[in-house]
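For reference, the structure is listed below as C-alpha cells.
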Amino acid sequence: ANQRLGAGGAVITWARFKREFLTKYFPADERNRKVIEFMELKQGSMYVSEYAAKFEELCILLLTTTPWKRKKI
C-alpha cells in the first residue's frame, strides 16, 4: 500500500516520490527564494490580517516543501 512500481518495476517509496516531485515542480532555487522571503517578511504597510495571511502561506509552503533537520537541545 505504501509503495508503487515505477518504470522497469522499480519500487518507489514515499520519500523518493516526494523528493522527485519537489525537484521537478518546486526546485531548490525557488524554495530558497521563499525561505529568504519568509526570513525578510515585515508587516510594513500591510494590514495585520494581510501580514498574518502571508506568514501562514509561507509557513505552510516551507513546511511542506523544505527538508528540515531537527536539532537536539
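Coordinate-derived values only; no laboratory data. What you are looking at is a predicted structure, and each value in this text was computed from that prediction instead of being measured. Note: ideal-geometry Cβ built from the backbone for every residue, glycine included; neighbour counts use all protein chains shown.
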Query - Potential extension, E20-M39 segment - 0.36 nm per residue separation minus Cα distance - result: 4.3 nm
Report summary line: Computed over segment 14-65, the convex hull of the Cα set has an average projected area, in nm², of 3.9
Query raised in the report: What dipole magnitude, in Debye to the nearest 20, does segment 14-65 give about its Cα centre under +1 on Lys/Arg Cβ and -1 on Asp/Glu Cβ?
Result: 300
